[in-house]
1. Could you list, in sequence order, all residues of the range 18-34 that are out of contact with any helix residue (DSSP H, G or I) (no Cβ under 7 Å at 6 or more places or on another chain) and either crowded, with 19+ Cβ neighbours inside 10 Å or assigned to a strand (DSSP E or B) (or both)?
2. Has the range 50-63 got at least one residue that is at pLDDT below 95 and in a helix (DSSP H, G or I)?
3. For T183, indicate whether it is more than 17 Å from G36 (Cα to Cα), in a helix (DSSP H, G or I) and modelled with pLDDT of 85 or more.
4. Going through S127, S72 one at a time, which residue ends up being more than 17 Å from G36 (Cβ to Cβ) and either at pLDDT 95 or above or exposed (fewer than 15 other Cβ atoms within 10 Å of the Cβ) (or both)?
5. How about the range 23-41: which of its residues are of a type in the set (A, V, I, L, M, F, W, C), without any contact (Cβ under 8 Å) to a residue 60 or more places away in the chain and more than 24 Å from Y88 (Cα to Cα)?
6. Given the conditions (1) at pLDDT below 85; (2) more than 23 Å from R41 (Cβ to Cβ); (3) not aromatic (F, W, Y), report the number of the one that S149 does not fulfil.
7. Filter the range 170-190 down to the residues that are over 21 Å from R204 (Cβ atoms) and exposed (fewer than 13 other Cβ atoms within 10 Å of the Cβ) and list them by number.
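The values are calculated or read from the model by the stated rules, or taken from the named source; none is laboratory data. None of the values given here were measured: they were computed from a predicted structure. Note that we place each Cβ from the backbone using ideal geometry, even for glycine, and neighbour counts take in every protein chain shown.
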Amino acid sequence: MPIRVVLADNHALVRQGLKALLEREGFQVVGEASDGQELLRLVANVRPEIAILDISMPILNGIDAARELQKSSPTKTILLTRHDEDQYVTEALRAGVKGYVLKNQAATDLVHAIREVCRGGIYLSPSISGTIVGAFLSKTDLPADPLTSRERQVLQLVGEGKSTKEVATLLGVSIKTAESHRTRLMQKLDIHETASLVRYAIRRGLVQP
């Protein structure tokens, strides 16, 4: 049976290109999502072996989506992204990502990544491997994120300009609960204004400037 794959990227053209490539290689694309929250629902419904996702997605970014899948699903995640910075790679590996492929690499990289991850391995694009080894050897690893998964989701949504009411609706919680999450994360980060919160979200890679 072919390996079953879902794709998550907020650009429809990227998803279409990936789908054509993967189906040509004999994989079965069983679903597509345009944001991390939609991906979680999709994986719960179709239960693929592999989820391929970008880091930069609205509502719930790729790394936090991978972290949620790690808790709730046997589906293995591969990030396909343009980001090669240490902080993204390190956070991705912490989140349980099994493959990290750069968009500027050859298409065969992604095919190799899927097959390697399905065999139980980990695949990093060749240029990433050196980056990670260097980061660990020089001990420049990022400190642990002080925020919970839900607080990071709220931070991303605030960074995207969502109001407290919109945050509550997207997360399926009450306005009071959404406000409580926002207050807690601001206290933890010692940030007391929305503009500074947005800047922090951009620095952490949760929101694109």
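1. So in the range 18-34, the residues out of contact with any helix residue (DSSP H, G or I) (no Cβ under 7 Å at 6 or more places or on another chain) come out as 18-20, 22-24, 26, 28, 34.
Across the range 18-34, the qualifying residues are L18, L22, Q28.
2. yes
3. yes
4. Values: S72 fails: more than 17 Å from G36 (Cβ to Cβ).
After ruling out the rest, the residue left standing is S127.
5. Let us first name the residues in the range 23-41 that are of a type in the set (A, V, I, L, M, F, W, C), namely 27, 29-30, 33, 39-40.
Cutting the leftovers down to without any contact (Cβ under 8 Å) to a residue 60 or more places away in the chain gives us 29-30, 33, 39-40.
Hits for the range 23-41 are V29, V30.
6. Only one criterion is unmet by S149, namely (2).
7. Within the range 170-190, G172, S174, K176 meet the criteria.
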